[in-house]
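Note sheet for the following structure.
The values are calculated or read from the model by the stated rules, or taken from the named source; none is laboratory data. Predicted model, so just to flag it, every value in this text is computed and none were measured. Heads up, the Cβs are rebuilt from the backbone with ideal geometry, glycines too, and the neighbour counts pull from every protein chain shown. Only protein heavy atoms, including side chains, enter the accessible area calculation; ligands, DNA and RNA are left aside. Shrake-Rupley method; radii C 1.70, N 1.55, O 1.52, S 1.80 Å.
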Amino acid sequence: MMPITRDQSAALLDKHVTTDWIKLHSRETEVIMQALAEKFGEDQDLWGLTGLLHDLDMDKVDVNEPKDHGKITSELLKEEFGDDLPGEMIHAIQAHCENLGYLEVKRESKLDFALAAAENISGFLVACALVMPDKKLASVKPDSVIKKLKKKDFARKVNRDFIYDIDKTGLSLEEFVELALKAVSGIGKEIGL
Ligand SMILES: [Fe+2]
């Protein structure tokens with residue numbers, strides 16, 4: 001049982017994040033994590049809120065040198081909720097910054113690999129939708145997503161390796177792309193895509 005509610009988490013996000021795309025990205029990552037938790041029979045609240053709060057510090061870190069990314073989020077969560085939050089949640093949030101090379105924390109658990117993959121594919125799916133004639137997620141097909149992943153000059157900032165590492169959770173890339181696309185399409189109206 002998660003010691004914090006979704007309302008408390010959404011309020012904390014509103015308190016620390018004002019940039020619209022980061023809020024949308026957080027919401028997209030939340031629904032993908034909920035869908036993954038459902039697939040794996042894991043705690044949907046834990047996985048969902050880990051997704052919703054994973055970039056809580058994004059308006060506070062220097063995007064050119066994000067050395068405190070993940071660390072500041074852990075501090076903000078501790079400040080707000082004390083030591084109540086599950087360690088695996090904090091670990092996953094810090095581990096999704098593994099590629100930045102500042103924090104020592106590496107992806108180890110299923111939750112760690114899922115968060116790093118989910119937060120990268122959410123941005124990738126948005127990029128896929130934005131190049132569709134009607135700019136709609138509903139028009140994006142899983143096959144075209146997989147084809148575009150191989151194009152290095154498309155959505156360059158997206159970490160492909162972290163997406164491919166979804167196989168460390170036992171899920172294939174094809175299953176993951178389909179699941180993630182279905183999850184974010186489900187909130188298409190809400191996110192304007
Ligand atoms: Fe993120």
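Figures for the structure shown
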| quantity | calculated |
| --- | --- |
| Extreme residue, nearest to ALA114 (Cα to Cα), among residues of region 141-163 that are open to solvent by 80 Å² or more (accessible area, probe 1.4 Å) and in a helix (DSSP H, G or I) | ASP161 |
| Pair list, Cβ < 9 Å and 6+ apart or interchain, from region 51-69 residues that are free of Cβ contacts under 8 Å to residues at least 24 places away in the same chain to residues that are open to solvent by 40 Å² or more (accessible area, probe 1.4 Å) and aromatic (Phe, Trp, Tyr) | GLU65/TYR102 |
| Flag if LYS71 is within 25 Å of THR5 (Cβ to Cβ), within 15 Å of the ligand (Cβ to nearest atom) and surrounded by fewer than 19 Cβ atoms within 10 Å (Cβ to Cβ) | yes |
| So LYS168, is it more than 15 Å from the chain's Cα centre (by Cα) and without any contact (Cβ under 8 Å) to a residue 40 or more places away in the chain | no |
| SER122 over 14 Å from ILE32 (Cβ atoms), hydroxyl-bearing (Ser, Thr, Tyr) and either in contact with a Phe, Trp or Tyr (Cβ under 9 Å, 6 or more places away or on another chain) or part of a helix (DSSP H, G or I) (or both) | no |
| Matching residues, region 74-89, being more than 14 Å from the chain's Cα centre (by Cα) and open to solvent by less than 40 Å² (accessible area, probe 1.4 Å) | SER74, LEU76, LEU77, PHE81, GLY82, LEU85, PRO86 |
| Given (1) touching a Gly at 6+ places or on another chain (Cβ under 8 Å); (2) part of a helix (DSSP H, G or I); (3) within 12 Å of the ligand (Cβ to nearest atom); (4) touching a residue at least 24 places away in the same chain (Cβ under 8 Å), index of the condition ALA138 fails | (3) |
| Some residue of region 174-186 being crowded, with 16+ Cβ neighbours inside 10 Å, assigned to a loop (DSSP other than H, G, I, E, B) and touching a residue at least 12 places away in the same chain (Cβ under 8 Å) | no |
| Region 35-67 - residue that is assigned to a helix (DSSP H, G or I) and within 16 Å of the ligand (Cβ to nearest atom) and, of those, farthest from LEU103 (Cα to Cα) | LEU36 |
| Residue satisfying all of: in region 2-34; among the hydroxyl-bearing types (Ser, Thr, Tyr) and outside any helix (DSSP H, G or I); least open to solvent (accessible area, probe 1.4 Å) among these | THR19 |
| Within region 15-56, tally of residues that are touching a Lys or Arg at 6+ places or on another chain (Cβ under 8 Å) and more than 15 Å from LEU115 (Cβ to Cβ) | 2 |
